[in-house]
Structures are given as C-alpha cells and as structure tokens.
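Asks: Input: one structure, supplied below.
All of the numbers you see were taken from the coordinates with simple rules; none came from a lab. For clarity, every value in this text was computed on a predicted model and none was experimentally measured. Cβ sites come from the backbone with ideal geometry, for glycine too, and all protein chains shown count toward neighbours.
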Amino acid sequence: MREALKQAIKRIEELAKTKPIKVISHFDTDGITSAAVTAKALQRWKKIFSLKIVKNLDPETIAALPEDHILLFTDLASGSLAELAKKPNDIFILDHHEIPEDQEIPKNVTMINPHIQNHDMLSGAGVCYLFAKTISKNNKDLAHLAVIGMVGDLLEKDIHKTYQEILDDAQVTIKRGLLLYPSTRPLDRTLQYCSNPYIPGVTGEYKGVIDLLREANIQKENGKFKSLQDLNDDEMQKLITAIALKCAGKSDLSEYIGNLFLVNLFNQLEDAREVSALINACSRMGHSEIALGYCLGSPQAKQQAEKIYIDYKQSLVAALRHAENQENITGNRYTIIHGRDHIKDTIIGTVASILSHSPAYEEGTIIIGMAYNEDKIKVSARLAGKKGRNVREVLHNIVVPLGGEVGGHPNAAGCMIDKNHEDVFIEQLQRQLEIEVVKA
Ligand SMILES: [Mn+2]
C-alpha cells in the first residue's frame, strides 16, 4: 500500500499544478477525522482544495461535483465506482469499504484501499493518515485523528502492525479496563451519562450512580470521585462486578472490557471513545463543520462542539429514562416504545439501538421505537442480539400496504408513516410480531 500511496501522491502533485482538489468525505467520526487529516496534509503541501461532507454518496451528489477539479474521496466511494466512471475527472479514493464484486476499478480512478492492496484493515482515517505521512513525516502529529477514526469505526479490537505504528506515532496511552467513557472524568458523571452500555437504574439517575459506587466500595477522594483511568485493578474489578449485578447477569460484560485509548487533544488527555462520540453527535445534529473544526484544533469549534455534545447527551439520557419509565406496549419477545412528542425523532433510532444492546432485553427481542415528526411518525426497529428474526421484513410487511418504504438491514431498520395510520400500524405490528414469535 505504501508504494501505491507514493504513486498516487506523485500523480496528484502533477495534476494539482493546474487543477484544484475537491475532498469529499463521510459524515461519521471516521469520515470527519479522514477529512481533517487530509485537509491538514493538503494545506501543508500547499495545494488548493475545498471540502465537502456528505451523509451518503448518491448519484445526484456525484453528478453535481465540478468537472474541473481533482476529486479526492475519503472514507467512501468504493461502492460508487460505476457512477464515478462516468465522470471526466481524475479521481482518487482513500477508503476501506468493500468494493462490489465484479466491479473493476475505472481508468480515471486511483484507489487506495486495504481490500485492493491486501493490507491489514484500517479505518478511512487510518488510510488517510498513511497518505499524509507518505507526503511528509511532519504529518505524524495527525496520528491521534487516525486513532479516533479507528475507535469510531470499531476497529480497535485488532491492533496489527500498522495500528501499532499509528498508536506509537500518536503517543497514545493504553489502559485495560471497563470500556465506559469518558475514562478521564470523575466516575459519577461518566456513569450518569453512560449510554453504552445502558445500565438500568444507573444511567441518568444520580442516586443510582451513588448507590452503585457505594456497592463497589469506591469512595470520593478530596471531594470527588476518581476517573475510570485512575482506578487500580482492585477497584476496577469491584466496579465491573457491581455493574454486572445491575445487569442481572443477562448480558455478557466481557464485550465491555478492553483497551482504553487516551489521546492528547487541546493539550489534554482525552478518551478517544468520548471524542468519537462527540464528533458523531455534532455531525448527526447537522454540524459537521463544527466537528471538523474541532478535529483541526479550533478553540472556537471546541467550545461549540462541547455544547452540542452536552445537549445531545442530556436529551439522549432523558429519552432513555423516558423510554424506561413510561408504559410501553410489550408482548412475547417484543417491546414497542412510543415516544410520541417526548422523544425526538432524531434520537429515537439511537434510543432503540442502545436499548437493544442493554441487558434489560433478552436476546431475540424486537424493539420498535416510534416518535412524532410533525404529521409523520418515525419508526426505528432493532433486534436485541444478532440472531434469528428479521426486523426489516416485519416492518416491510406492514408499511408497504400503507404506502411507505422501509430502509435498513435484518437487525436494524426504519421507516416513516403517516400519523393517521398510527393506530392501524400499532395494531398490525403487534399481530405481525406475535406471528413472528410462533414462526421462530
Ligand atoms: Mn469508515
């Protein structure tokens, strides 16, 4: 891959003498950090460029891209090669997504992708970081962004040689323990806003937090609780046991034990998972530019991003508590959480996702979240665990006759329905879910 990068860089160097570059990246954490690494590298390389962040790369977006630019896609575009072949531009792709079978790389496209170069798997930001480092060793100070992208795309379980190199470049501190974040702030706050995992009776409930810490025999020191990363092994073990008890043994906590990655950001040690969640929250709330500014080190963007993130966390935790405390429609291995106007439609999918991973629901349970959006209802369906039932199909069978469309996968799907179909939808949904169980 290093050789392919060198070739690509040489070619960009040549083309950029006469043309500006347009960077197009994805709007999640990996995409934003990819864009930040690439933008910094191009800036230092003294290239003229502009940047665009997109939620998905549809044919209309591709068609609208200027023809007199070099196009540089990061963390996306591997699935859009057929569309890109129609463009007259010279195109470069720094990505890690799979390339559709039988799809050849078009002549106008230079692709750097671990799937093509048979390289260890990297996130988009990891590929962009190697690109930046190949341009100049001075770009080594961008390595922490590649670490945040790695965590954002959940690739941190496999630390191979290249990731070890990136972690070294970023001077990351790694600590083993419970994967709650942020691991750098007082534990009571971390637990109060903890949504992954969602701990029933603790998340969003300060009294529950204090009880849990008492059960774990963790006390305040100098008026405040230690942070997760400051716990000794014994304290860490007690905390894990106390949380496992809260989760009633239904869930396997071992997936929440692993490496904490501490990166240096704004001259402070930050938990890469927390930073990733912050970037994601900003982008989801429609502020990709602030997320990008944060990654590029702007103090003003930092202030704005933190405010957006706090609001997001608070409304998420409030929504989770609402979902837990309200009267839900439950049946045989399903729960329908109707948030109405109490849970925002922008958050209902996340709420359903978090609950589907929570120990409160047995594996195989279908969780359907609903929330009003003016005269429509946003519906999000999730499957707890991975096996067996197809939530996309369940929604599809009901929604298509009502004139709607369902998007997603077998274990996570969603749709919009008209508000005047509310009652009939719920009624048919219940019937369908009962049939599902019999079949399963
Ligand atoms: Mn990615």
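Asks: Rank the residues Ser195, Ser254, Ser356 as a footprinting-exposure proxy: fewest other Cβ atoms within 10 Å of their Cβ go first.
Replies: Ser254, Ser195, Ser356
Asks: Spelling out what I want: for every residue of the stretch 82-89, take phi, set θ = phi - 60°, compute 6.51 cos²θ - 1.76 cosθ + 1.60 (Karplus), and round to whole Hz; glycine and proline get x.
Replies: Along the stretch 82-89, the couplings run 4, 5, 5, 4, 7, 7, x, 6 Hz.
Asks: Per the helix-only calculation at 222 nm, which mean residue ellipticity applies to the chain, given -39500 (n - 2.57) for every DSSP H run of n ≥ 4 and division by its residues, nearest 500 deg cm²/dmol?
Replies: Only helices count here, giving -13000 deg cm²/dmol.
Asks: Moving on to the next point. Report the local net charge at Asp75: Lys and Arg +1, Asp and Glu -1, summed over other residues whose C-beta lies under 9 Å from its C-beta.
Replies: Surrounding charge for Asp75 is -4.
Asks: Another question about this same structure. What's the exposure ranking of Asp418, Asp75, Asp169, going from fewest to most Cβ atoms within 10 Å?
Replies: Asp418, Asp169, Asp75
Asks: For a paramagnetic label modelled at 7 Å from the Cα of Asp158 toward its Cβ, which residues of the stretch 260-282 fall within the zone defined by backbone nitrogen distances under 13 Å?
Replies: The answer is none.
Asks: For the stretch 306-352 and the stretch 224-296, write down the distance between their C-alpha centroids in whole Å.
Replies: So the two Cα centres are separated by 21 Å.
Asks: So, in Å, what gap is there between the alpha-carbon centers of the stretch 387-416 and the stretch 1-73?
Replies: So the separation of the two Cα centres works out to 36 Å.
Asks: By how many nm would the segment from Asp120 to Arg431 grow when fully extended, if each residue of separation counts as 0.36 nm and the alpha-carbon distance is taken off?
Replies: Contour length minus Cα-Cα distance gives 107.3 nm.
Asks: When you count, for each residue, the other Cβ atoms within 10 Å and take the mean per peptide, how do 87-99, 295-307, 335-347 rank with the highest first?
Replies: Final packing ranking: 87-99, 335-347, 295-307.
Asks: Can I ask one more? Need the full-extension length gain, Glu306 to His409, defined as separation in residues times 0.36 nm minus the C-alpha distance. One decimal, nm.
Replies: Roughly 33.9 nm would be gained on extension.
Asks: Sticking with this structure for a sec: At a Förster distance of 41 Å, what's the computed FRET efficiency of Ile174 paired with Ala82, Cβ-Cβ distance as r, to 0.05?
Replies: 0.50
Asks: Report the residues of the stretch 25-61 in range of a label on Glu289: point 7 Å along Cα→C-beta, backbone N strictly under 12 Å from it.
Replies: Once the point is set 7 Å along Cα→Cβ of Glu289, 51-53 turn out to lie under 12 Å by backbone N, inside the stretch 25-61.
Asks: Here's a follow-up. To the nearest 0.05, how large is the calculated FRET efficiency for Glu60 and Lys140 if R₀ is 30 Å and r is the Cβ-Cβ distance?
Replies: 0.20
Asks: Under unit Cβ charges (Lys, Arg +1; Asp, Glu -1), what dipole magnitude, rounded to 20 debye, does the chain have relative to its Cα centre?
Replies: So the magnitude is around 1040 debye.
Asks: Taking Cα atoms, how many degrees apart are the long axis of helix 206-215 and the longest axis of the chain, rounded to 10 and kept between 0 and 90?
Replies: On a 0 to 90 degree scale, this one is about 90.
Asks: While we're here: For helix 299-325, report the angle its Cα long axis makes with the longest principal axis of the Cα atoms of the chain; keep it between 0 and 90° and round to the nearest 10°.
Replies: 30 degrees
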